[in-house]
Each structure stands twice: as structure tokens, then as C-alpha cells.
Amino acid sequence: DVQNSILNRYFYYQLANIYVTVTAGSLWDSLFDIMQRPSAAFEILGRSLPTVVGYFVSFLLTKVLAGLPMVLLRGGSLFKMLFYRCCFRESLLTQRELDNAIYRKEGLIYGWEYPTQLLVIVICFTYACMSPVILLCGAIYFQLALLVYKKQILHVYTPEYEDGGQMFPSVVQR
């Protein structure tokens, strides 16, 4: 239930933060023109909304070139390991201290990872009819995300619980 709540809230946060603000910026720029010629509102929006696609293509490419490597890097664990190695001699630490500090198993936080994937698919589906090139960027993202998350799930994360697909309706709904 906690992970499902995190999924819902984080997805809506990302949607409002990235998706709505960029699209609203394009609409805000067109608002003056629409007020001058209300009969041409759809024509004005048809010219202004496709300009936002460039931002989302660069957003997806940034997720591919920066976001996925950050998932592989696991910054928190890396800095924790570097801190312990720099501040303590490994030979003086007990095995329990090493296991709890450096070699501790991590669980996959579904409520944090799912919304990122959902945002990418929402962006791809929304702007595909305006600019099909975004589908290519989305396909590249999901192909590389498959490799990254497969490696992480098989070798890094340990299952903490089995929810039996409870999050599936929330994911499909979004």
C-alpha cells in the first residue's frame, strides 16, 4: 500500500512538474494570440504545441544518457562505500559492520521506479501523433532501460516482498 501510494503521488508530481508546465508554457505564449482571434484558437494551438516536442525529445535523450547511468551507478551506495573505505580501515571492521554498511542488500523501490517509466510512455503516446521521432527516442530509452533494470534486478536488488500484482491496476490506469 505504501509503494502504491508513492507511485500515485510521485507520478502526478512528475506529470505536473515536467509535462504540464512545459505544455502550459506553450499555451501561455499562445493565449494572447487566441484572445485576439478566438475563431483561430485551434489553428494557433496546432502551430504552438508541436514546438514542445523538441523539449521532450531532449528530455528522453537526457534520461537515456544521464538517468540510466545514474541507476547503474547507485550514488547513495557508492558514496557510503567510499566514506567507509576512506574513514575506516576495512581490516578493523567486523563482518557484521561490513555487511550492514557496505555490502547491504538493497530492495527495489517500486513507487520510485515505476513513475519514471510511466512518464516516458505518457510523453511518447501523447506526442507521437505530432512528431513520430519521439517514438524512436522512447524505443531507445526502453531498450536501454530493459538492459539496466534487468541487470539491477538480477544482481543488485533483493526482493523484500511479493505484492501479487497489486500495483498493476494503478500502472495501467496511468
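The values are calculated or read from the model by the stated rules, or taken from the named source; none is laboratory data. These figures come from a predicted structure and were not determined experimentally. Here the Cβ is made from the backbone with ideal geometry for all residues, glycine too, and neighbour counts use every protein chain on show. Accessible surface areas use protein heavy atoms only, side chains included; no ligands, DNA or RNA. Shrake-Rupley method; radii C 1.70, N 1.55, O 1.52, S 1.80 Å.
Key figures
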quantity: Heavy-atom SASA rank of GLU162, GLU106, GLU90, GLU43 (probe 1.4 Å, accessible area, largest first); calculated: GLU162, GLU43, GLU90, GLU106
quantity: Eligible aspartates and glutamates near LYS105 by straight Cα distance, threshold 12 Å, same-chain separation 8 or greater; calculated: GLU160
quantity: Average accessible area per residue (Å²) across segment 15-55 - probe 1.4 Å, nucleic acids and ligands excluded; calculated: 67
quantity: Partner aspartates and glutamates for LYS63 [C-alpha distance under 20 Å; skip if fewer than 8 residues away on the same chain]; calculated: GLU113
quantity: From phi via Karplus (6.51, -1.76, 1.60), per-residue ³J(HN,Hα) for segment 4-11 in Hz, x at Gly/Pro; calculated: 5, 5, 4, 4, 4, 5, 5, 5
quantity: Answer label for Cα extents along the principal axes in Å (calculated), chosen among [x] 76, 37, 26; [y] 105, 26, 23; [z] 117, 26, 26; calculated: [x]
quantity: Apportionment of accessible area to carbon and sulfur, the chain, percent (1.4 Å); calculated: 65
quantity: Largest to smallest accessible area among PHE32, PHE56 [probe 1.4 Å]; calculated: PHE32, PHE56
quantity: Probe 1.4 Å - accessible area at ASP163, Å² to nearest ten; calculated: 50
quantity: Sites matching chymotrypsin sites (Phe, Trp or Tyr not before Pro) across segment 83-148 that sit in DSSP coil, with at most 15 neighbouring C-beta atoms within 10 Å; calculated: PHE88, TYR103
quantity: Label-point separation, LYS151 to ILE18 (7 Å along Cα→Cβ), nm; calculated: 2.1
quantity: Which of MET130, MET70 is most accessible, then next, and so on - probe 1.4 Å; calculated: MET70, MET130
